[in-house]
Amino acid sequence: MARSLKSILPARRGAHRENGAGGSGAAPSLAPTENDELIDLRRRREELRRRVAELQWDLGGLVYEMAIRDHIRVEVIVRRAAALQEADAELSEVERILRIEETGAAGSCASCGAPHSSGAVYCWQCGQPLLEQVPSQSIGAP
């Protein structure tokens with residue numbers, strides 16, 4: 001994976017927790033584990049799902065109210081739709097990262113859309129090459 005999960009996640013709340021081992025005096029580790037990052041991503045996914053649903057509901061209600069009053073303001077609809085699109089794009093990215101983390105898939109085939117792992121050279125479903133073919137002259141040319 002090209003970037004870490006930390007670049008997607010908001011700052012973790014509650015990073016300084018009490019040591020639950022009965023106060024041994026040792027400072028708790030502040031480094032998040034991979035499991036913590038996945039839990040944070042799952043939590044963010046649920047927040048985004050709720051936000052997208054709410055924005056869809058609000059946008060539909062807004063358009064309905066404008067329509068029954070015969071006073072459509074396109075600029076207002078476009079602003080609300082842009083906010084919805086932004087939240088939906090972030091949700092898609094979080095879901096993509098979670099899918100990669102949970103399934104080990106690194107991407108999908110450009111021809112058929114089947115998921116593939118990071119080391120795959122050919123698609124398991126359609127047999128198409130997954131790597132881009134580059135002319136040998138362009139490799140190592142100054």
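None of the figures in this text is laboratory data; all of them are computed from the coordinates on show. Only a predicted model underlies this, so the values are computations on that prediction, with no experimental measurement involved. Cβ atoms come from the backbone with ideal geometry, glycine included; neighbour counts cover every protein chain shown.
With both labels modelled 7 Å from their Cα along Cα-to-Cβ, the Ile100 to Trp124 distance reads 1.9 nm. Residue separation of Asp88 and Ser111 scaled by 0.36 nm, minus their Cα-Cα distance, works out to 5.8 nm of gained length. Loop-located trypsin sites (Lys or Arg not before Pro) across region 62-111 with a Cβ neighbour count of 14 or fewer within 10 Å are Arg69, Arg73, with loop assigned by DSSP. Near the amide H of Tyr122, within less than 5 Å, lie the amide hydrogens of Leu130, all on another chain or at least 5 residues away, with H placed in the peptide plane.
Dipole magnitude for region 33-104: computed about the Cα centre from +1 point charges on Lys and Arg Cβ and -1 point charges on Asp and Glu Cβ, it is near 340 debye.
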